[in-house]
Amino acid sequence: MSLFVRKDLGLLLAEAGSGTLRRELGPLALVTLGIGAVIGAGIFVLTGSVASQNAGPALTLSMVLAGFACAFAGLCYAELASMIPVAGSAYTYAYATMGELVAWIIGWDLVLEYSLSSSTVAVGWSAYAVTLLSEMGISFPPRLTGAPGTHVCLPDGTHVTALFNLPAILICLALTWLLVIGIRESARVNTTIVIIKVAVLVLFVAIGVQYINPANLHPFIPPNTGTFGSFGWSGILRGAGVIFFAYIGFDAVSTASQEARNPGRDIPIGILVSLAICTVIYIAVGLVMTGLVSYPKLGVPSPIALAVQATGLKWLAPIINIGAICGISSVILVNMLAQSRIFYSMSRDGLLPPLFAKLHARYRTPHVTTAITGCVVAIASGLFPIGILGQLVSMGTLLAFAIVCTGVLILRKTSPETPRPFRTPGMPWVPVVGTLICLYLMSGLPLPTWIRLFVWLAIGLTIYFGYGRIRAATVRGQPIADAA
């Protein structure tokens, strides 16, 4: 009944080859899976609030700092994913390195990353979808486009109080259905969407750079307002912690390890290549956006659309909206896929009920946990505002990344003989620096976000000690048979 019993690596590798999930994904599908998860609401929605409230034109420095943290974490993820190609991501790695209690904490924490991330970007999807419908002359009821109690501005300048966010709910349910019918179909849809949204962002940068007003970039680092996190270097730090949300997703590639054709080679490619491509795109988009519009004006739900208006090119606006809708759709898709695989792995270990490991007889997907995830995501996206959701997601992800970096150090000591198709370079400095950077970025997030994290973890620990720990003890040392 030890709280820190570790899962045997031999058992994990046996599960990886069990053949319960279909191995359908190659390197291209995994790279686009990573890009699909990363480029979404973070770049299309949150960049505006970070520029207007935290960093100003130095938004790009916040992006570099967040990307730097992700690079270290990405190298650690690549080693563990190639070494333990199981559909559990950071949860599984923690189980193999730091024991069951830490694994439960990180698995519960990943709900914040994947489920609430899906909810957050669904709110952003709703804003762009409603805007596009309006441009097409289609009016969507304003009361059904926001979280309960929030104020929605009408075209005439008046405000109405929202009831719930119906478009966000509908997109979540539609993508849940797609995930149930199969990983191959989901990957194909995601690849198509990724091509569209990357092309749209490249078009925005190529055209927007010609209209940059240098005056908008001065001062590049606005002076601090007297409040920590509002401009100045503290604003860059706070901005990095918030914009870190925009990088979340590359680790979702690791949750597809058990569905990759050659995980030892292809998973590291998917993680590192997608992260590199997204970082370059983010920096370019951030620089052009703050160059087109003065940073105090960017605190709107669709900042890139506002930047396009500054060019005066009316034909470009609907293209950007379509790109944003496509981009955000793929983020929801990939994050819900990742969350369902985390629940699937936790159920096989006995920490969640067997129902969560049930596979569809025809599609061979964890359809029950996918449906549960989709419903939870839909409810959260319809009821909560984007600001609170985004900060919670960043906090949960930074904690997960810190544990993964630490896990690489532990396994190098405890299992040095285990084959590693990919090895993290610069040992031990890369995982050490990755851990410290993640903790540093966590320190820049607001106190209420820390309180919400502790409340969330307290709920999770109650479930673990009341159910998960007892049931896991009965199945420890042997995989749970998949329910038919």
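Pairs linking a residue in the range 9-30 that is among the hydrophobic types (A, V, I, L, M, F, W, C) to a residue that is modelled with pLDDT of 70 or more and part of a strand (DSSP E or B), with Cβ atoms under 9 Å and 6 or more positions apart or on different chains, are 25/260; 29/260; 30/260. Looking at 342, 319, 332, 328, just one residue is assigned to a helix (DSSP H, G or I), surrounded by fewer than 18 Cβ atoms within 10 Å (Cβ to Cβ) and out of contact with any His (no Cβ under 7 Å at 6 or more places or on another chain), and that residue is 319. Close Cβ contacts (under 6 Å, 6 or more residues apart or on different chains) running from residues in the range 393-409 that are crowded, with 24+ Cβ neighbours inside 10 Å to residues that are of a type in the set (Val, Ile, Thr) and not in a helix (DSSP H, G or I) comprise 397/248; 408/424. Taking the residues in the range 330-347 that are closer than 21 Å to residue 7 by Cα and among the polar types (S, T, N, Q) as candidates, determine which candidate is nearest to the chain's Cα centre (by Cα). Selected residue: 339. Residue count for the range 445-484, restricted to those that are under 30 Å from residue 70 (Cβ atoms) and at pLDDT below 75: 0. In the condition set (1) surrounded by fewer than 18 Cβ atoms within 10 Å (Cβ to Cβ); (2) at pLDDT 85 or above; (3) not hydrophobic (A, V, I, L, M, F, W, C), residue 235 is compliant with all but (1).
Annotation: residue 274 fulfils all but one of (1) surrounded by fewer than 24 Cβ atoms within 10 Å (Cβ to Cβ); (2) part of a helix (DSSP H, G or I); (3) of a type in the set (Gly, Ala, Ser); the unmet one is (1).
Quick grid of which residues meet (1) buried (at least 20 other Cβ atoms within 10 Å of the Cβ); (2) aliphatic (A, V, I, L, M); (3) within 28 Å of residue 294 (Cα to Cα):
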| site | (1), (2), (3) |
| --- | --- |
| 61 | yes, yes, yes |
| 64 | no, yes, yes |
| 78 | yes, yes, no |
| 83 | yes, yes, no |
| 86 | yes, yes, no |
| 90 | yes, yes, no |
| 120 | yes, no, yes |
| 130 | yes, yes, yes |
| 145 | yes, no, yes |
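Taking the stated definitions as given, is residue 302 among the hydroxyl-bearing types (Ser, Thr, Tyr), surrounded by fewer than 24 Cβ atoms within 10 Å (Cβ to Cβ) and within 23 Å of residue 171 (Cβ to Cβ)? Yes.
If you go through the range 365-400 and keep only what is in contact with a Gly (Cβ under 7 Å, 6 or more places away or on another chain) and either at pLDDT 85 or above or in a helix (DSSP H, G or I) (or both), you end up with 386, 394. Just so you know, in the range 407-465 the residues that are under 22 Å from the mean Cα position of the chain (by Cα) and outside any helix (DSSP H, G or I) include one that is nearest to residue 349 (Cα to Cα), and it is 445.
Scanning the range 99-137 for residues that are under 16 Å from residue 147 (Cα atoms) and aliphatic (A, V, I, L, M) turns up 116, 121, 122, 123, 127, 129, 130.
Listed here are the residues, each with its yes/no results for (1) under 12 Å from residue 56 (Cβ atoms); (2) surrounded by fewer than 24 Cβ atoms within 10 Å (Cβ to Cβ); (3) touching a residue at least 12 places away in the same chain (Cβ under 8 Å).
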position	(1), (2), (3)
211	no, yes, yes
223	yes, yes, no
239	yes, no, yes
252	no, no, yes
260	no, no, yes
306	no, yes, yes
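The values are calculated or read from the model by the stated rules, or taken from the named source; none is laboratory data. In this text, all values refer to a predicted model and were calculated from it rather than measured experimentally. All Cβ positions, glycine included, derive from the backbone under ideal geometry; neighbour counts span all protein chains shown.
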